[in-house]
1. Quickly run through region 51-71 and pick out the residues that are open to solvent by less than 80 Å² (accessible area, probe 1.4 Å), modelled with pLDDT of 60 or more and under 30 Å from A165 (Cα atoms).
2. Quick one: what pairs do we get from region 85-100, first residue within 19 Å of L303 (Cβ to Cβ), second outside any loop (DSSP other than H, G, I, E, B) and modelled with pLDDT of 70 or more, C-beta under 6 Å, 6+ apart or different chains?
3. Out of the strands (runs of 3 or more DSSP E) lying entirely within region 114-214, which hold 1 or more residues that are open to solvent by 40 Å² or more (accessible area, probe 1.4 Å) and not hydroxyl-bearing (S, T, Y)?
4. Of the numbered conditions (1) closer than 29 Å to G299 by Cα; (2) open to solvent by less than 80 Å² (accessible area, probe 1.4 Å), R103 fails exactly one; give the number of that condition.
5. Of the residues R48, R27, only one is surrounded by fewer than 11 Cβ atoms within 10 Å (Cβ to Cβ), within 44 Å of the chain's Cα centre (by Cα), of a type in the set (D, E, K, R) and at pLDDT 70 or above; which?
Amino acid sequence: MRVPWPGKPERRSPSNPRRWEVTAEERERIEALPRRPALDLIHALRKRPALVAELARSVVRGAVHGVRDSPELLWYLGNVRIQQVAPDLARGATWYGEESFVRLLAPTLSPETRALELGAGAGRISRHVAPLVRELVCSDPSAAMLDEARENLSRQANVRFAQTAGFLLPQFRDGEFDLVYAHDVFEFFDGNLALALLEESARVLRAGGVCVISFYVLDNPLWAREQLDVARSVARSGHLSALKIRPYLAAQMEALLRLAGFKVRDRYFGGETIAGGTPRARALADQLPADPAALNEAGRCILVAERISLLDR
C-alpha cells in the first residue's frame, strides 16, 4: 500500500479547529499503514521544515546517550584520567567499599566452595576470593574487563572466566555453585532486571547455597543530596547514565531476594539507619562526610541470603 505524498499543510483558523472524533474506518486505515520510519521522517520534515533543527539535536543527543549507555566505554574514559597520574593502576583500584564486603564474604569461603562472581570487572574482589575457594568463575558483560581480570589473576589456576549477556546465565548449570556474590553491581539497573538476575542466581545455586550482594541504599539520609542531583541531571538531559547508581531501599532488595527464592539471614549497614525513615527536610540538612570513603560506606548495605527450596518458601 503506497502512502500518498502529503500536500501543503492545511491552514486552519481558530474557528475551524481540528476534530477529535475518529471514525472506525479511519482507525482501520491508520492501523493498516506500513511502518516506515525513514519515509515518515521525510514527510514530517516536508510538512514542518523547522523540525530539521530538532532532528540535528536528536542525532547529537543519540550519540551522547549512546556513550552514556555503555558502561565499558565510560569506565575506560574514566580510567584514562586515572592512568595519567598512575599508569600501573588496575581498573577499579580507586573504588571504595572493598574491605567491608570481603570481611562479610569471608565466612562463606572454604576450600570446597565453588563460587560465581557477578560483575567481576578487573578482579578487585576476585583476587581476595580465589586463594580461599575450590573454584571461582569471574563473570562480566565486558570482554575487555575480563581480559584485564585474566592478567590480574593469571597466577590463580582455579579461576575461569565467562562473558555474560543480559540478565540470564545460560552457560551455567542448575545448582552448579555454592556461592554467588556481587559487589556494587545491582544499583546500576532497575528492579525488574535485578529480580531477573537474582532468579538466575538462585537457579545456579545449590539448595542452601549463599548469595552475598552489596548495593547503595536510600534508607540512609546521606544519599538524599546525591540522588536529588541525579534527578536534576536527568531532568536537564532527559537521560540516566549507565554509571549513575539507582539505590534501593533495603526492604525493597530483601523483597526481591524473597521473590527470587532466598531467605535473608544477615544484614550490614555501613551507616546509621533511622527506624521509621527520615523527614526530607532533615535529610537535606544533614552534613555529608568530607571523606568520600566514609560517604560511600555510609550509603551501602550488604545482604547475605540463603537459597531455599520450593518446599520451604
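The values are calculated or read from the model by the stated rules, or taken from the named source; none is laboratory data. All of these numbers come straight from a predicted model, not from anything done at the bench. Note: ideal-geometry Cβ built from the backbone for every residue, glycine included; neighbour counts use all protein chains shown. For the accessible areas, the whole protein counts, side chains as well, though only heavy atoms, and no ligand, DNA or RNA atoms are used. Shrake-Rupley method; radii C 1.70, N 1.55, O 1.52, S 1.80 Å.
1. Result: S58, single match.
2. Matching pairs, first to second residue: G97/R300.
3. Working: elements: 114-118, 135-140, 159-163, 177-183.
Because the criterion is at least 1 residues that are open to solvent by 40 Å² or more (accessible area, probe 1.4 Å) and not hydroxyl-bearing (S, T, Y), the strands (runs of 3 or more DSSP E) in region 114-214 that meet it are 114-118, 135-140, 159-163.
4. (2)
5. Exactly one residue qualifies, and that residue is R27.
Residue-wise test of (1) modelled with pLDDT under 90; (2) among the acidic types (D, E); (3) in contact with a strand residue (DSSP E or B) (Cβ under 9 Å, 6 or more places away or on another chain).
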site: R225; (1), (2), (3): yes, no, no
site: L228; (1), (2), (3): yes, no, no
site: S241; (1), (2), (3): yes, no, no
site: R246; (1), (2), (3): yes, no, yes
site: L256; (1), (2), (3): no, no, yes
site: G271; (1), (2), (3): yes, no, yes
site: D286; (1), (2), (3): yes, yes, no
